[in-house]
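For reference, the structure is listed below as structure tokens.
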Amino acid sequence: MTSRPLRVAIVGAGPAGIYAADALMKSETPVSIDLFEKMPAPFGLIRYGVAPDHPRIKGIIDALHKVLDKPEIRLFGHVDFGVDLKLEDVEKLYDAVIFSTGAIADRELKVPGIDLERSYGAAEFVAWYDGHPDFPRTWPLEEEKVAVIGVGNVALDVARMLAKTGDELLPTEIPDNVYQGLKQNKAVEVHVFGRRGPAQAKFSPMELKELDHSPNIEVIVDPEDIDYDEESIAERNRHKMTDQVARIIEQYAIRDHGDRPHRIYLHFFENPIEVLGEDGKVVGLRTERTELDGTGNVRATGKTTDWDITAVYRAVGYLSDDLPEIPFDTRAGVIPNAAGRVLKDGSHLTGVYTTGWIKRGPVGLIGHTKGDANETVACLLEDHAAGSTFKPETPEESAIEKLLEERGIRYTTWDGWYRLDAHERALGEPHGRNRIKVVEREEMLDASGA
Ligand SMILES: Cc1cc2nc3c(=O)[nH]c(=O)nc-3n(C[C@H](O)[C@H](O)[C@H](O)COP(=O)(O)OP(=O)(O)OC[C@H]3O[C@@H](n4cnc5c(N)ncnc54)[C@H](O)[C@@H]3O)c2cc1C
Ligand SMILES: NC(=O)c1ccc[n+]([C@@H]2O[C@H](COP(=O)([O-])OP(=O)(O)OC[C@H]3O[C@@H](n4cnc5c(N)ncnc54)[C@H](OP(=O)(O)O)[C@@H]3O)[C@@H](O)[C@H]2O)c1
């Protein structure tokens, strides 16, 4: 056993990686942690997923500051694992590595026509409106009637962002290119499609209620779409949130419609079976009516409807990317693991761990990544106590800086984040806004003093 601190590399500075650093800091073992992040700024989907009109959730960043302010934790931003840093480097420099690289892409939806022009993945639209540097700066918002497939919280975010006006969103942190794009948005009808019923919707009650808070959005549900089978009723009795969501949907269904200019229709029991096209572009969506089968699942009825919409956003879940040299289960879209210990051919790959969405799939809230991190870190510490970690040649803290500098990598630091943060706040100040987000990678690097 060495007298130096336990050296841990964490790859991915989203909430999962930061909570893993926090869990390590709270252990009795002296630790020295380096967090690697491929974006110039940390915070993962809190910065590049959470909707701009959710400042309270974006504010979780302030709580995470407390973790990253600790001197035992260093941030190396703009470092892409697999490109700038390899597994063999990590083995030489650290006792262990935790992968917390999350998810940024869309899951596939295998229906005919899904590749037509004006058919989009929700994740791409989210990355655009949240100012991700690696996505296009403009977004086509020419269509008046738009479909969103899926009834999860991402579908709600996308529907809300499509239905709100640019001016409603201006007080948020959206960058100027996004404001300019949203100002031109022509959408007046957004149709959201769930293939099952109200008791199977994945919405959170608060987000579902919030749809109604916009003075510009009318939320409409067809009373014919309210139905429950035995399992749906049991599920409502078992889970308060399921019951709350079903009740809110019922409220939307029974009330009279007002005359707010934009409408969000929540449709249930409509399974998308084809995106209809003409001249290579979306001109409609065909759905097949479903009905509950008693188990909370649905069966097809054979009755189809063609919806008059001219753009489609699929919000059917996110997908993680594999990492070079790290085992990956392509079917489940996760790094195979047992309680966070990464498995290769069924055995633990010594020194290698995982946490967050890449560990258990792209479902769950920010807070849920805390429990993941605790579990993973407990395994790591147990293995360390048993002497089963990497045997690094150069565990000195200076070794990684030397390596990145030798490779000419312009990395950002935690101090750099404070500089970027101050820069973004200064951009917002003259306009009475809390911040305006910087989109360009070069500007982020310059403002961070990389
Ligand atoms: C659109 C959307 C909105 C959401 N809104 C909310 C919300 O309002 N409230 C809520 O509680 N939850 C929300 N969530 C869920 C929440 O974002 C996730 O639970 C959480 O972000 C998962 O954390 P993570 O750290 O595992 O992954 P991520 O947040 O994805 O972080 C992973 C990090 O790893 C980095 N990375 C990836 N590859 C590499 C590499 N090769 N090298 C170095 N770094 C790498 C990424 O850049 C990223 O910073 C939302 C999710 C989405 C998709
Ligand atoms: N504000 C917030 O708190 C917030 C915001 C955004 C995201 N998040 C969280 O982030 C996580 C990911 O959210 P998400 O919306 O991407 O995923 P999700 O909650 O899993 O929802 C995915 C939706 O897509 C549907 N779907 C999947 N495959 C389909 C198909 N082939 N055809 C039709 N519909 C299909 C699912 O329906 P079935 O159930 O029938 O499969 C489900 O309604 C969730 O935990 C979510 O709560 C939270």
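The values are calculated or read from the model by the stated rules, or taken from the named source; none is laboratory data. Everything numeric here is computed off the predicted structure, so don't read it as measured data. Positions of Cβ are generated from backbone atoms using ideal geometry, with glycine treated the same way; all protein chains shown enter the neighbour counts.
Anything in the stretch 159-179 that is away from ligand 1 (no atom under 14 Å from the Cβ) and either in a helix (DSSP H, G or I) or within 18 Å of residue 124 (Cβ to Cβ) (or both)? List them, or say none.
Those that are away from ligand 1 (no atom under 14 Å from the Cβ) and either in a helix (DSSP H, G or I) or within 18 Å of residue 124 (Cβ to Cβ) (or both): 163, 166, 167, 168, 169, 174, 175, 176, 177, 178, 179.
Restricting to the stretch 206-229, name every residue that is part of a helix (DSSP H, G or I) and within 22 Å of residue 270 (Cβ to Cβ). I'd like the intermediate steps shown before the answer.
Pass one, the stretch 206-229, residues part of a helix (DSSP H, G or I): 206-213, 223-225.
The answer is 207, 208, 211, 212, 223, 224, 225.
Counting just the residues of the stretch 392-436 that are of a type in the set (Asp, Glu) and touching a residue at least 24 places away in the same chain (Cβ under 8 Å), which one comes out farthest from residue 5 (Cα to Cα)?
Kept after step one, since they are of a type in the set (Asp, Glu), are these residues of the stretch 392-436: 393, 396-397, 401, 405-406, 415, 421, 424, 429.
Those left that are additionally touching a residue at least 24 places away in the same chain (Cβ under 8 Å): 393, 397, 415, 424.
Working: 393: 15, 397: 10, 415: 23, 424: 36 Å.
Residue satisfying both the conditions and the ranking: 424.
Six or more apart or on different chains, Cβ atoms under 8 Å: show the pairs whose first residue is in the stretch 437-450 and outside any loop (DSSP other than H, G, I, E, B) and whose second is surrounded by fewer than 14 Cβ atoms within 10 Å (Cβ to Cβ).
As it stands, the answer is 441/134, since those pairs meet every condition given.
In the stretch 261-290, which residues are farther than 25 Å from residue 201 by Cα and assigned to a loop (DSSP other than H, G, I, E, B)?
261, 279, 280
State yes or no: is residue 156 part of a helix (DSSP H, G or I), buried (at least 21 other Cβ atoms within 10 Å of the Cβ), in contact (Cβ under 8 Å) with a residue 24 or more places away in the chain and within 14 Å of ligand 2 (Cβ to nearest atom)? Before the answer, list the steps.
Numbers: part of a helix (DSSP H, G or I): yes; buried (at least 21 other Cβ atoms within 10 Å of the Cβ): yes; in contact (Cβ under 8 Å) with a residue 24 or more places away in the chain: yes; within 14 Å of ligand 2 (Cβ to nearest atom): yes.
Considered against the rule, which asks whether it is part of a helix (DSSP H, G or I), buried (at least 21 other Cβ atoms within 10 Å of the Cβ), in contact (Cβ under 8 Å) with a residue 24 or more places away in the chain and within 14 Å of ligand 2 (Cβ to nearest atom), residue 156 comes out as yes.
So which of 26, 66, 110, 70 ends up being charged (D, E, K, R), free of Cβ contacts under 8 Å to residues at least 60 places away in the same chain, away from ligand 1 (no atom under 11 Å from the Cβ) and not assigned by TED's automatic domain parsing to the domain that holds residue 354?
Details: 26 fails: not assigned by TED's automatic domain parsing to the domain that holds residue 354; 66 fails: not assigned by TED's automatic domain parsing to the domain that holds residue 354; 70 fails: not assigned by TED's automatic domain parsing to the domain that holds residue 354.
Every option except 110 fails the conditions.
Of everything in the stretch 182-205 that's farther than 19 Å from residue 50 by Cβ and part of a helix (DSSP H, G or I), which residue is nearest to ligand 1 (Cβ to nearest atom)? Give the steps one after another, and end with the answer.
To start, the set of residues in the stretch 182-205 that are farther than 19 Å from residue 50 by Cβ comprises 183-201.
From the residues that got through so far, the ones that are part of a helix (DSSP H, G or I) too are 183, 198-200.
Details: 183: 22, 198: 21, 199: 22, 200: 20 Å.
Checked the stretch 182-205; the qualifying residue nearest to ligand 1 (Cβ to nearest atom) is 200.
Take the stretch 53-100 and flag every residue that is within 16 Å of ligand 2 (Cβ to nearest atom) and among the hydroxyl-bearing types (Ser, Thr, Tyr).
100
Can you name every one of the strands (runs of 3 or more DSSP E) wholly within the stretch 10-123 that holds 1 or more residues which are in contact with a Cys (Cβ under 9 Å, 6 or more places away or on another chain)? Let's see the steps before the verdict.
Values: elements: 31-37, 73-77, 96-99, 119-121.
Correct list: empty, since no element meets the threshold.
Residues in the stretch 325-376 that are within 14 Å of residue 12 (Cα to Cα) and surrounded by fewer than 15 Cβ atoms within 10 Å (Cβ to Cβ): how many?
So the count comes out to 0.
Being surrounded by fewer than 19 Cβ atoms within 10 Å (Cβ to Cβ) and touching a residue at least 12 places away in the same chain (Cβ under 8 Å): is that true of residue 258 here?
On the way: surrounded by fewer than 19 Cβ atoms within 10 Å (Cβ to Cβ): yes; touching a residue at least 12 places away in the same chain (Cβ under 8 Å): yes.
Yes, satisfied.
Go over the candidates 391, 359, 402, 344 one by one and state the one that is among the charged types (D, E, K, R) and touching a Gly at 6+ places or on another chain (Cβ under 7 Å). Walk me through it before giving the result.
Working: 391 fails: touching a Gly at 6+ places or on another chain (Cβ under 7 Å); 402 fails: touching a Gly at 6+ places or on another chain (Cβ under 7 Å); 344 fails: touching a Gly at 6+ places or on another chain (Cβ under 7 Å).
The match here is 359.
Mind listing whichever residues of the stretch 314-333 are in contact with a strand residue (DSSP E or B) (Cβ under 8 Å, 6 or more places away or on another chain), more than 10 Å from ligand 1 (Cβ to nearest atom) and either among the aliphatic types (A, V, I, L, M) or not in a loop (DSSP other than H, G, I, E, B) (or both)?
Listed by number, the residues that qualify are 314, 316, 319.
Could you please give the count of residues in the stretch 235-291 that are out of contact with any helix residue (DSSP H, G or I) (no Cβ under 7 Å at 6 or more places or on another chain) and of a type in the set (Phe, Trp, Tyr)?
Residues that pass the stated criteria total 2.
Would you check which residues across the stretch 389-417 are loosely packed, with under 13 Cβ neighbours inside 10 Å and among the small types (Gly, Ala, Ser) and list them?
398, 408
Quick check on the stretch 39-53: of everything there that is closer than 15 Å to residue 367 by Cβ and in contact with a Gly (Cβ under 8 Å, 6 or more places away or on another chain), which residue is surrounded by the fewest Cβ atoms within 10 Å (Cβ to Cβ)? Can you show your working first?
Within the stretch 39-53, the subset closer than 15 Å to residue 367 by Cβ is 43-46, 49-50.
Now drop any that are not in contact with a Gly (Cβ under 8 Å, 6 or more places away or on another chain), which leaves 43-46.
Working: 43: 24, 44: 27, 45: 23, 46: 20.
Out of the qualifying residues, it is 46.
Give the residues of the stretch 338-361 that are within 16 Å of ligand 1 (Cβ to nearest atom), farther than 11 Å from residue 375 by Cβ and part of a strand (DSSP E or B), sorted by residue number.
Within the stretch 338-361, 342, 352 meet the criteria.
Within the bounds of the stretch 109-130, is there any residue that is closer than 24 Å to residue 375 by Cβ, of a type in the set (A, V, I, L, M) and more than 22 Å from the chain's Cα centre (by Cα)? Walk me through how you get there before you give the answer.
As a first pass, look at the stretch 109-130 and keep what is closer than 24 Å to residue 375 by Cβ: none.
Within the stretch 109-130, not a single residue is closer than 24 Å to residue 375 by Cβ, of a type in the set (A, V, I, L, M) and more than 22 Å from the chain's Cα centre (by Cα).
Scan the stretch 167-195 and report the pairs whose first residue is at pLDDT below 95 and whose second residue is assigned to a loop (DSSP other than H, G, I, E, B), with Cβ atoms within less than 7 Å and a gap of 6+ or a chain change.
none
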